[in-house]
Amino acid sequence: MTKAIYPGSFDPITYGHLDIIERATTIFDEVIVAVTQNLTKTPVFTIEERLNHISESTKDYDRVKVGCFSGLLVDFARQENATVVIRGLRAVSDFEYELQMALMNRRLREEIVTVFLMPNEKFTYLNSSIVREIAGHGGDISNFVPSMVDEQLKIKFKIT
Ligand code: ADP
């Protein structure tokens, strides 16, 4: 059985993330979507809120599990008995950072294999920070995030 971890901030989860998760379920037996605290970013949603959004948005996928971790990804992978890490690649701009992370994780634990998946092209310009930005200014983000996240962003930003 091949277990894969899809780590990220997911602040919030978008249709781009869900596209990657769906593709990953066609390859791996189990996909653990793992929320991590990115120390360089101030989150809008708490870890618990993000876990809740992910669980709700992936409830129809039997192979998807949801988790969180605060230390090194390689340690979490060991704890979960997983050797595959999934990351999304949207554009060349993602590549440099992702290559560094993949090679460093392999250096830290040799058996870790990072697999990059590309989303449908309609999600290549989408990320969580642009969603937060648009939502914060009262813009329509219903085409980019599940309805539960849309509603909760409106509550966070006090938009009626
Ligand atoms: P992180 O802080 O780890 O980058 P994110 O939640 O921003 O967390 O992203 C998690 C992963 O999902 C990254 O590999 C990122 O490239 C990927 N990702 C984010 N948005 C999209 C998208 N629209 N399409 C495909 N992959 C995406």
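The values are calculated or read from the model by the stated rules, or taken from the named source; none is laboratory data. As the structure is a prediction and not an experimental result, all values here were calculated from the model. Quick reminder, even Gly has a Cβ in these numbers, built from the backbone with ideal geometry, and neighbours come from all protein chains shown.
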Per-region count, the stretch 91-100, residues in a loop (DSSP other than H, G, I, E, B) and either aromatic (Phe, Trp, Tyr) or more than 10 Å from the ligand (Cβ to nearest atom) (or both):
0
Odd one out for Val85, checked against (1) surrounded by 16 or more Cβ atoms within 10 Å (Cβ to Cβ); (2) away from the ligand (no atom under 13 Å from the Cβ); (3) over 18 Å from Thr14 (Cβ atoms)
(2)
Looking at (1) aromatic (Phe, Trp, Tyr); (2) in contact (Cβ under 8 Å) with a residue 40 or more places away in the chain; (3) more than 29 Å from Gln152 (Cα to Cα), can you tell me which one Tyr6 breaks?
(3)
Can you find a residue in the stretch 20-29 that is over 17 Å from Val145 (Cα atoms) and surrounded by 22 or more Cβ atoms within 10 Å (Cβ to Cβ)?
yes
Quick test of your reading of the structure: Val44 fulfils all but one of (1) more than 14 Å from the ligand (Cβ to nearest atom); (2) crowded, with 19+ Cβ neighbours inside 10 Å. Name the failing condition by number.
(1)
Quick one: which residue in Val44, Val33 is touching a Leu at 6+ places or on another chain (Cβ under 8 Å), closer than 17 Å to Pro146 by Cβ and of a type in the set (A, V, I, L, M, F, W, C)?
Val44
When you go through (1) at pLDDT below 95; (2) within 13 Å of the ligand (Cβ to nearest atom); (3) under 21 Å from Gln37 (Cα atoms) one by one for Gly71, which number turns out not to apply?
(2)
All but one of (1) assigned to a loop (DSSP other than H, G, I, E, B); (2) more than 25 Å from Glu49 (Cα to Cα) hold for Thr114; which doesn't?
(1)
Residues that are hydroxyl-bearing (Ser, Thr, Tyr), within 26 Å of Ile130 (Cβ to Cβ), within 13 Å of the ligand (Cβ to nearest atom) and in contact with a strand residue (DSSP E or B) (Cβ under 6 Å, 6 or more places away or on another chain): does the stretch 4-25 have at least one?
yes
Selected residue (criterion: nearest to Ile13 (Cα to Cα)) from residues of the stretch 101-137 that are basic (Lys, Arg) and within 15 Å of the ligand (Cβ to nearest atom)
Arg132
